[in-house]
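Worksheet for the structure shown next.
The values are calculated or read from the model by the stated rules, or taken from the named source; none is laboratory data. No experiment lies behind these values; they were computed from the predicted model shown. FYI the Cβ positions are ideal-geometry reconstructions off the backbone, even for glycines, and counts take in every protein chain you see. The accessibility values were calculated without ligands, DNA or RNA, using every heavy atom of the protein model including side chains. Shrake-Rupley method; radii C 1.70, N 1.55, O 1.52, S 1.80 Å.
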Amino acid sequence: VMRTRVITVPRNQAAEKKLDFDEAEPSELIEWTVSEEEYSLIEKYGLFDVINETADVIIDDFESELVRGIPTLTKVLNVLKEKRKRKKYQNLEVLHSLIKLFEEAIARATGVYFFF
């Protein structure tokens with residue numbers, strides 16, 4: 001059974017408000033639909049654990065979760081960037097994708113939403 005897992009960053013605060021009511025248009029969101037393979041890699045490399053620990057959230061397979069607030073987003077971004085410096089993470093595309101989404105959320109003053 002293929003599950004749909006999406007990580008979303010609203011493009012602005014108006015879109016974020018709409019997202020809270022499930023009324024945001026696709027054009028108002030930056031979305032990454034995570035494949036089974038990508039999800040497995042994120043799990044294998046412990047990236048959800050890192051985000052959970054750093055942001056004090058619980059991202060797991062049957063939960064929706066969000067990381068919001070510039071200080072928290074920045075803290076997670078910094079930890080992910082530290083990981084990227086380590087050899088085993090350097091070519092890990094899923095890590096680069098996560099970093100991009102956290103950078104977007106910070107630049108747009110919104111959040112990173114995990115819909116699993």
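A few notes on this one:
- Test result for residue 45, more than 20 Å from residue 4 (Cβ to Cβ) and either open to solvent by 70 Å² or more (accessible area, probe 1.4 Å) or modelled with pLDDT of 95 or more (or both): yes
- Subset of region 1-34 (residues that are hydroxyl-bearing (Ser, Thr, Tyr) and surrounded by fewer than 10 Cβ atoms within 10 Å (Cβ to Cβ)): 4, 27
- Residue count for region 48-64 under the criterion of being touching a helix residue (DSSP H, G or I) at 6+ places or on another chain (Cβ under 9 Å), within 16 Å of residue 115 (Cα to Cα) and open to solvent by less than 50 Å² (accessible area, probe 1.4 Å): the result is 5.
- In the set (1) within 15 Å of residue 99 (Cβ to Cβ); (2) more than 16 Å from the chain's Cα centre (by Cα); (3) of a type in the set (A, V, I, L, M, F, W, C), residue 67 fails one condition alone, (2).
- Residue 76 vs. criteria β-branched (Val, Ile, Thr) and either under 19 Å from residue 3 (Cβ atoms) or exposed (fewer than 12 other Cβ atoms within 10 Å of the Cβ) (or both): no
- Where a residue in region 53-71 is farther than 19 Å from residue 10 by Cα and modelled with pLDDT under 95 and its partner, wherever it lies, is loosely packed, with under 12 Cβ neighbours inside 10 Å and of a type in the set (D, E, K, R), with Cβ under 8 Å and at least six apart: 61/3
- In the set (1) of a type outside the set (Gly, Ala, Ser); (2) farther than 10 Å from residue 114 by Cβ; (3) surrounded by 18 or more Cβ atoms within 10 Å (Cβ to Cβ), the condition left unmet by residue 70 is number (3).
- Cβ-Cβ distances below 8 Å connect the following pairs, each with a first residue in region 38-50 that is more than 15 Å from residue 76 (Cβ to Cβ), a second residue that is in a helix (DSSP H, G or I) and among the small types (Gly, Ala, Ser), and a separation of six or more residues or different chains: 38/97.
- Looking only at region 101-116, residues that are part of a helix (DSSP H, G or I) and surrounded by 14 or more Cβ atoms within 10 Å (Cβ to Cβ) come to 7 in all.
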